[in-house]
Every structure is written in structure tokens, then in C-alpha cells.
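The values are calculated or read from the model by the stated rules, or taken from the named source; none is laboratory data. Just so it is clear, the structure is predicted and the values come from calculations on it, not from any experiment. In this analysis, Cβ positions are derived from the backbone assuming ideal geometry, glycine residues included, and neighbour counts consider all displayed protein chains. The accessibility values were calculated without ligands, DNA or RNA, using every heavy atom of the protein model including side chains. Shrake-Rupley method; radii C 1.70, N 1.55, O 1.52, S 1.80 Å.
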Amino acid sequence: MTFELIPRRSLLVYLHNTRQARQLRRFGVVKYISEKAKYAVIYMNEEDIEVKKALIERLGFVDKVVISNWPEVDSTVGSDNETLEYVVDALDLPDEEIISEEEL
């Protein structure tokens, strides 16, 4: 038996009223419901996302549905281990002399 990674994606569902948000559990795993901002985050398999999005949009308490862009986002910071060297030019330094603590 081998482990097979199933691609998943989240839907952001903006609601008119959060009272009916519990009904969204039949479409996927409801990870978060915001009472104040009136939205819910639902995780589901990526192969089912278009069909379920259309079904969710038809619900009366749903304002709009947005598919998360997270799988397309490059989560690496920086590029190819490039190192940056910070150099201060003499022209960038102030013209005044810096007074040391001993002279004070």
C-alpha cells in the first residue's frame, strides 16, 4: 500500500448570513467560519471543485464563491540561494563627524 497525495484546494464562500454556514459541510471540510466578515473556508478535492462551486453558488445564502489561488503561488522566498551584500557608500554617510561616547 502506497501513500497517494490527493490535491486539495480551498473555496472562499462569502455569505449573506452566517446562520446557514453549517450547511456547507456537505460540500467539503469547513475549516473556518468568520461571523464578523461573513465568509467561510471550505477544503475539498481539486477534481470536484468546479462542480461543487456551481452548486454552492446556487444556494440562497451565498453571496459569491472564490477559488483559492494558493497552489499557483510560489512559496519560496528568494531565488536560487542568491546572497545579497549590503554596502554603504561614502556618499551615503552624513557629512558630520560621528561623536564617540568617550568625547561626550
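If the condition is being in contact (Cβ under 8 Å) with a residue 60 or more places away in the chain and surrounded by fewer than 13 Cβ atoms within 10 Å (Cβ to Cβ), then region 1-11 contributes only P7.
Looking only at residues of region 12-29 that are outside any helix (DSSP H, G or I) and open to solvent by 40 Å² or more (accessible area, probe 1.4 Å), we find that the one that is nearest to D48 (Cα to Cα) is V29. Of note, K36 does not satisfy the criterion of being open to solvent by 50 Å² or more (accessible area, probe 1.4 Å), of a type in the set (D, E, K, R), without any contact (Cβ under 8 Å) to a residue 40 or more places away in the chain and assigned to a strand (DSSP E or B). Put simply, of I49, I56, I42 the only residue that is in a strand (DSSP E or B) and surrounded by 12 or more Cβ atoms within 10 Å (Cβ to Cβ) is I42.
Please work out which residue is modelled with the highest pLDDT, limiting yourself to region 66-91 and to residues that are out of contact with any strand residue (DSSP E or B) (no Cβ under 8 Å at 6 or more places or on another chain) and not in a loop (DSSP other than H, G, I, E, B). Going through the qualifying residues, I end up with E72.
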